[in-house]
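Undergrad: What follows is a single structure, and I will ask about it in a moment.
Bear in mind that the values in this text are calculations on the coordinates, not laboratory data. It should be emphasised that the depicted structure is a prediction, and the values quoted were computed from it without experimental measurement. Neighbour counts run over all protein chains shown; Cβ positions are idealised from the backbone, glycine included.
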């Protein structure tokens, strides 16, 4: 059985005070959830404060991106050693906003994945197609390229420590959500591809998350799908009541 993983990505929201108030509420409603993992990805400036509030809880911390180097002349980046020192255990890598807005390509994303693994951070590799690519029947070819190139050089042993998040670009922040059937079809494809790249046992152990307008009213049906192991939540993670309902999915 794959242990469900629910990730709240706060993106570029919350001051340190706002982060403190939000995480205080989430920490309360996550208490006692011993059959699933909850992970929060606040802005870099709030990483340490959020980790401090959660230090005696079961909720873990992730960064929203990570450099491939432990230190160096990389203005604006955050290193894996910094993430760990702040209390983080994971890093979101290749989010569609990094790909679309900041033009991070598969090669750079792969460097970030390998860097995270080198420093013992759990990478959450994000993949997803645009609306144009879906309407042109390119979904699976785009995803295969992103997976093969994003995971280049990742060993079978390290793959067991890696999470994949499918987030259709056309469903992020738009209010649109892939139907449970569409999401399951893609997740099944991803798992099959991982089995080809590694082996079936490893593919069966990898957690594959769905991201794209996950809300309290659709999380239950999404999580009921065979190959959906969790959610990467954006907007709904910025309100304690909605995120608490999501992490307490049935």
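Undergrad: Whole percent per 10 Å bin, from 0 to the bin with the longest distance: what is P(r) over all C-alpha pairs of the range 177-227?
TA: All Cα pairs considered, the percentages come to 26, 49, 22, 3.
Undergrad: What relative contact order, as a whole-number percentage, does the range 1-129 give when Cα pairs under 8 Å and 6 or more residues apart are counted? Display every interim value, and only then the final one.
TA: Numbers: 220 pairs, mean separation 27.1, N = 129.
This gives 21 percent for the range 1-129.
Undergrad: Say a paramagnetic label sat at a point 7 Å from the Cα of residue 185, along Cα to Cβ; which residues of the range 206-221 have their backbone N under 14 Å from it?
TA: none
Undergrad: So how far, in whole Å, is the C-alpha centre of the range 78-98 from the one of the range 174-225?
TA: The distance from the Cα centre of the range 78-98 to that of the range 174-225 comes to 22 Å.
Undergrad: Once you put a point 7 Å from the Cα of residue 202 and another 7 Å from the Cα of residue 2, both along the Cβ direction, what distance in nm separates them?
TA: For the pair residue 202/residue 2, the computed spacing is 1.5 nm.
Undergrad: For n ≥ 4 DSSP H runs only, could you compute -39500 (n - 2.57) per run for the chain, divide by its residues and tell me the 222 nm figure to the nearest 500? Show your work: numbers first, answer last.
TA: Details: 12 runs with 104 residues, N = 250.
After summing the helix terms and dividing by the residues of the chain, the value is -11500 deg cm²/dmol.
Undergrad: What FRET efficiency comes out for the pair residue 192/residue 25, r = Cβ-Cβ distance, R0 = 41 Å, nearest 0.05?
TA: On the way: r = 39 Å, r/R0 = 0.96.
Efficiency computed from Cβ-Cβ geometry: 0.55.
Undergrad: Relative to the present Cα-Cα distance, how much length would full extension add between residue 221 and residue 160 at 0.36 nm per residue of separation? Kindly include the intermediate steps, with their values, before the conclusion.
TA: On the way: separation 61, 0.36 × 61 = 21.96 nm, distance 2.60 nm.
In short, 19.4 nm is gained.
Undergrad: How much length would be gained if the chain were fully extended between residue 105 and residue 71, taking 0.36 nm per residue of separation minus their Cα-Cα distance, in nm to one decimal? Don't skip to the end; give the middle numbers.
TA: Numbers: separation 34, 0.36 × 34 = 12.24 nm, distance 2.15 nm.
Full-extension gain reported as 10.1 nm.
Undergrad: Considering Cα pairs under 8 angstrom that are at least six residues apart, work out the relative contact order of the range 5-247 and quote it in whole percent.
TA: 19 percent
Undergrad: How many angstrom lie between the Cα centre of the range 110-160 and the Cα centre of the range 28-44?
TA: Going from one Cα centre to the other spans 24 Å.
Undergrad: How much of the pair distance distribution for the chain lies past 32 Å, counting alpha-carbon pairs only, in percent? Please list the in-between numbers first.
TA: On the way: 4294 of 31125 pairs.
Looking at the chain, the distances longer than 32 Å represent 14 percent of pairs.
Undergrad: Taking 0.36 nm per residue of separation and subtracting the Cα-Cα distance, what length does fully extending residue 137 through residue 120 add? Intermediate results must be reported in sequence, preceding the final value.
TA: Values: separation 17, 0.36 × 17 = 6.12 nm, distance 3.69 nm.
Difference between extended and current length: 2.4 nm.
Undergrad: Could you check how many percent of all C-alpha pairs in the range 19-165 are farther apart than 21 Å? Mind showing how you got there, number by number?
TA: On the way: 5089 of 10731 pairs.
More than 21 Å apart: 47 percent of the Cα pairs in the range 19-165.
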